[in-house]
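One structure is given below, encoded as structure tokens.
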Amino acid sequence: MRIGLFLTCVNDLMFPGTGQAVVRILERLGHTVEFPSAQTCCGQMHANSGYLAEALPMVRHFADTFAGYDAVVTPSGSCAAMVRESYPTLLPEAAPVATRCFELSELLVDVLGVTDVGAWFPHRVTYHPSCHGLRTLRLGDRPRRLLAQVRGLDLVDLPQAEQCCGFGGTFALANAEVSVAMLADKTAAVAATGAEYVAATDNSCLMHIGGGLSRAGAAARPLHYAEILAHREPAR
Amino acid sequence: MSATDAVLDPVALLAGRLADYRATVHRCHPSGLAAAVATALARTHRVAAPADLPAAWLSAWHGDVVHDDAGAPLALAELDAPAVSVVTGCAVAMAETGTIILDAGPRQGRRALTLVPDHHVCVVAADQIAVSVPQALARLADPTRPLTMISGPSATSDIELNRVEGVHGPRRLDVILTDDPAPSR
Amino acid sequence: MSSVPSPITAARPFPEAARSALADQQLRDNLRRATATIRDKRQRVVDEVPDWEDLRTAGARIKDDVLARLPELLAQFEAAATAAGARVHRAADAAEACRIVTGLVRATGSDEVVKVKSMATQEIGLNEALADAGVAAVETDLAELIVQLADDTPSHILVPAIHYNRSQIRDIFARRMPGVDLSTLTDDPPALAEAARRHLRAKFLSTEVAISGANFAVAETGTLVVVESEGNGRMCLTLPDTLISVVGVEKIVPTFADLGVFLQLLPRSSTGERMNPYTSMWTGVTPGDGPGDVHIVLLDNGRTPMLADPVGRQALRCIRCSACLNVCPVYERVGGHAYGSVYPGPIGAILTPQLTGQAAGANHTLPYASTLCGACYDACPVKINIPEVLVHLRASGPKPPAARAGMRAVARVMRRPRWYRAGLRLLRWAAAPWRLVARGGQVRRLPWPMSAWTAGRDAPLPPRGSFRDWWARR
Ligand code: SF4
């Protein structure tokens, strides 16, 4: 199976470690991952902000870039949702590639049939289900099932987990005060768990939650769940 | 109770759901109806009743009874007097939601009669009970009659979104469930 | 154009109005408690219905059918209601509806009317129009009464006084309710309900004209339906001589049997009950039972133009249950007033700008009042895809020139891989000086436009090494 990695623009700029983690996990499971270097952005920010015409060339470019792959994997629930749920209506010829695009936990659990990826991470972790993964992709408990198999990991429930963190793309800037008010509740919930790390499927949400935790002086740190799944026990 | 049990015993389901919404439920044998009505009227001074209410229903009650007649309707002030209770039958009951439906048909009277008094005693026969909302609506003889669906006493959720019983409608609702079929029309 | 502020036109941009609301800690506490309560109740009664998803689908289908053949169904409704003794009037807009209703009230000679809570009458500003005509409108729903006594405006479509807690309500009653008995007035909800009962009792028994809305209007039979809790609806619909109901044209359902779907969906979604305490249905006039003079005003006010938009029109499926407000994280933080319309929350954000057109006031800012988290879509009993409509309205609405230019520039870069890679390098390079002031990889302050970000949270910096370099080295 030819697996193409769609890194996402946010990870391309800010979180290279997440992309490396996806590659490591899949290679550890015996798969080959390719990274088509012509990839850019899925167009989500433009489409969701009302710039559909501007998003369309990005959609077309994505479809061309990933046309030859059996599966496209991305460490972002919201980008996977954009591709799978919105591409077919925005650009009908992008529908075939759109249906082959998976968020990491979908690829692991549904396509490859694994929940134990051989990870080790001896820390207390809480998990925030990002909205697009939760309600658009219906990821359900897939990410949590993967985390539950990680050796040494103490997974604690996040109170009010399904409440939006307040990021919302350009909402975080255009309605910054409301965004921060929502964030305050999310960071308080994270802090209340006593977790060392808050994990999620989306670094954009984690950037926002992490910024809130840092501003509040809280000890918990944001960490993409792929980086936890990639972590291994050091050889003795 | 699960939906499957409901099909087996709609009477029990209706009783449970009515009680959930703070209606007082009496279950009785056909022979005990008059006694059950009298029990429900323990704090009542005067009963207002539709003109066609079966006399037997009030045979164990020894207080004052006034009938609301189309020719000589009771004044609103009479219905609004303290300790007046209204006793009626109903058209259909809906078990799943704990609802009784009045359609101004036999033994029910006009709408004001069951609205203004502060206490409503409603007699429901076992064969008047439908399980679901669509089933109950389908059993109404004529949907263009004035219809009132009642689920417990008057209530409001307007203060902090918590349900509180007792605002403008009757603050007490007694429902008497009998095992016998309703008298034929 | 009227100079009176329209009840469905936001005077201030949403972010600005939201800022003021966020500053009110009491408001936020009240909203948090009330919405948390109702969310839990709703979830419990929804979970006990095994075919809930099928019911939602049925509700959406019935409403879509109505929207597809609205003129025909309205004619059918009008004919049936007229045959049953009602007089049906059509109003193209708010002004015409107010004119019809005030004319009908004047003709009765009354200078006071009792009202059942109705969104349609709020939407057209009927109380103000009646006041101008010398008619006092008395709101009888407890929450509407609280808002009216406080001289405030509603902040929720189901519970207009949701922004007040019990002790605030007690204070409003103590100060504003004529003849209230202060010796028994505590902030205990039953005591507050009792005060409202005493206050309105005489009005119900003596007022000759009532004004209502309707939750549903059955085309087949000409029947109107009002769903309520307190019994104030029954009082208004039964005791007066004249009843005038203002009904939005989208309230039509084709058949009486269709109510079987909506009477399951609505109570569970709105107050979180299996069934609301009272539902009244009436068809024209019934001699000897209820009002003898029955009028129905069918209100368009921007609805027919909405039908032309295949994406946006789904907002007209709305049965005003308010579930979308109660689950909305934005509504929970800012409350209803921030939306500047009688329709707040997620449904307001898509309905208000469509009813008026986005050019009206600051209504074009409403579709941005959402993170697109999707909680509203999941909760909606008629499956209105609110996020989809929000994005659709963003696309068709006006945009500030600077934002447009910025987004265009970014789009130009994003579709060219080489420009994009150069952009990444540029940003990484530009971030270098900030690394000197960063703590734990986070910076506290960035220049515009990222200052909006750092006003409330720290920002991470792009790391030195890139994924692409790592990939190339392998
Ligand atoms: S949009 Fe849906 S959830 Fe919101 S009020 Fe309307 S019917 Fe209810």
MRE, 222 nm, helices only [DSSP H, n ≥ 4, -39500 (n - 2.57), over chain A, to nearest 500]: -11500 deg cm²/dmol
Computed over chain A: relative contact order in percent, which uses C-alpha pairs under 8 Å that are six or more apart: 21
Whole-number D in µm²/s for segment B:121-185 (Stokes-Einstein; Kirkwood sum over Cα pairs; 4 °C, 1.567 mPa s): 91
FRET efficiency estimate (nearest 0.05) - Cβ-Cβ, A:L29 to C:W419, R0 45 angstrom: 0.80
Debye intensity ratio I(q)/I(0), log10, segment A:63-153, q values 0.13 Å⁻¹ (C-alpha model): -0.47
Of all accessible heavy-atom area on the protein assembly as shown, the percent that carbon and sulfur account for (1.4 Å): 54
Gap separating the Cα centres of segment A:10-77 and segment C:308-382, nearest whole Å: 32
Å² of accessible area per residue within segment A:3-111, as computed with a 1.4 Å probe and no ligands counted: 29
Interatomic Cα distance distribution for segment C:353-457, bins of 10 angstrom, percent: 12, 26, 30, 24, 8, 0
Inter-part distance where segment C:120-141 and segment C:73-88 are each reduced to a Cα centre, Å: 25
Any cysteine of chain C lacking a neighbouring Cys Cβ under 4.7 Å - listed by number: C:C98, C:C236, C:C318, C:C321, C:C328, C:C380
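Relative contact order for chain C: what is it in percent, counting Cα pairs under 8 Å that are at least 6 residues apart? It would help to have the intermediate numbers written out before the result.
On the way: 782 pairs, mean separation 101.8, N = 474.
RCO, chain C: 21 percent.
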Fraction of the pair-distance distribution of chain A above 30 Å, Cα-Cα pairs, percent: 22
Set of segment A:96-125 residues, backbone N closer than 19 Å to the point 7 Å along the Cα-Cβ line of A:D154: A:120-125
Efficiency of FRET between C:A11 and C:Q168 - r from beta-carbon atoms, R0 30 angstrom, step 0.05: 0.75
For segment C:128-255, fraction of C-alpha pairs farther apart than 21 Å, in %: 47
Overall dimensions of segment A:3-111 as given by Cα atoms, namely Rg and Dmax in Å: 13.1, 41
Per-pair calculated FRET efficiency, R0 = 56 Å: B:D80 and C:A405 via Cβ, rounded to 0.05: 0.20
Folded to 0 to 90 degrees: helix C:94-108 orientation relative to chain C principal axis, Cα: 20
Per residue accessible area in Å² of segment A:124-229, where ligands, DNA and RNA are left out and the probe is 1.4 Å: 33
Dipole-positive endmost among C:H392, C:W448, C:N215 within chain C (Cβ charges, Cα centre): C:W448
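What's the local net charge at C:R87, with K and R +1, D and E -1, over the other residues with C-beta under 15 Å away? Can you show the working numbers first?
Details: positive: C:R90; negative: C:E78, C:D241, C:D293.
Result for the neighbourhood of C:R87: -2.
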Value of [θ]222 nm, deg cm²/dmol, for chain B, DSSP H segments ≥ 4, -39500 (n - 2.57) each, nearest 500: -5000 deg cm²/dmol
Chain pair C, A: total accessible area buried, heavy atoms, 1.4 Å probe, Å²: 5400
Largest to smallest principal axis extent of the C-alpha atoms in segment C:414-473, angstrom: 35, 25, 16
Helix-only [θ]222 nm of chain C, DSSP H runs n ≥ 4, -39500 (n - 2.57) each, per residue, nearest 500: -14500 deg cm²/dmol
Heavy-atom accessible area per residue - chain C, 1.4 Å, Å²: 38
Rg to Rh quotient for segment B:1-83, alpha carbon positions, Kirkwood Rh: 1.07
Stokes-Einstein D for segment C:381-442, Kirkwood Rh over Cα pairs, 4 °C, 1.567 mPa s (µm²/s): 85
Partners for C:K117 among lysines (Cα-Cα distance below 17 Å; same-chain residues under 8 apart left out): C:K203, C:K251
Accessible area of C:H337 in the full protein assembly, 1.4 Å probe (Å², nearest 10): 80
Normalised contact order of segment A:1-126, rounded percent, pairs of Cα under 8 Å and 6 or more residues apart: 27
Surface/4 estimate of mean projected area, convex hull on alpha-carbon atoms of segment C:213-265, nm²: 4.0
Equivalent ellipsoid dimensions for segment C:21-99 as semi-axes, Å, which come from the Cα gyration tensor, largest first: 37, 25, 12
Rg in Å to one decimal, and Dmax rounded to a whole Å, for chain C via C-alpha atoms: 25.5, 91
Trypsin sites (Lys or Arg not before Pro) restricted to DSSP loop in segment C:381-457 with at most 15 other C-beta within 10 Å: C:R444, C:R445
Overall dimensions of the protein assembly as shown as given by Cα atoms, namely Rg and Dmax in Å: 30.4, 100
Zero-based 10 Å bins, Cα pair distances in chain B, whole percents: 10, 38, 38, 13, 1
Coarse-grained scattering of segment A:139-200 at q = 0.17 Å⁻¹, given as base-10 log I(q)/I(0) from a Debye sum over alpha-carbon atoms: -0.68
Dimensionless Rg ratio for segment A:122-236, taking C-alpha atoms and the 2.2 N^0.38 Å reference: 1.05
Paramagnetic reach from C:R44 in segment B:130-167 [backbone N under 12 Å; point 7 Å along Cα→Cβ]: B:162-163
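The values are calculated or read from the model by the stated rules, or taken from the named source; none is laboratory data. Small disclaimer: the values here were computed from a predicted structure and weren't measured. Using ideal geometry, Cβ is built from the backbone for each residue, glycine included, and neighbour counts are taken over all protein chains shown. SASA here: full protein model, heavy atoms, side chains in, ligands and nucleic acids out. Shrake-Rupley method; radii C 1.70, N 1.55, O 1.52, S 1.80 Å.
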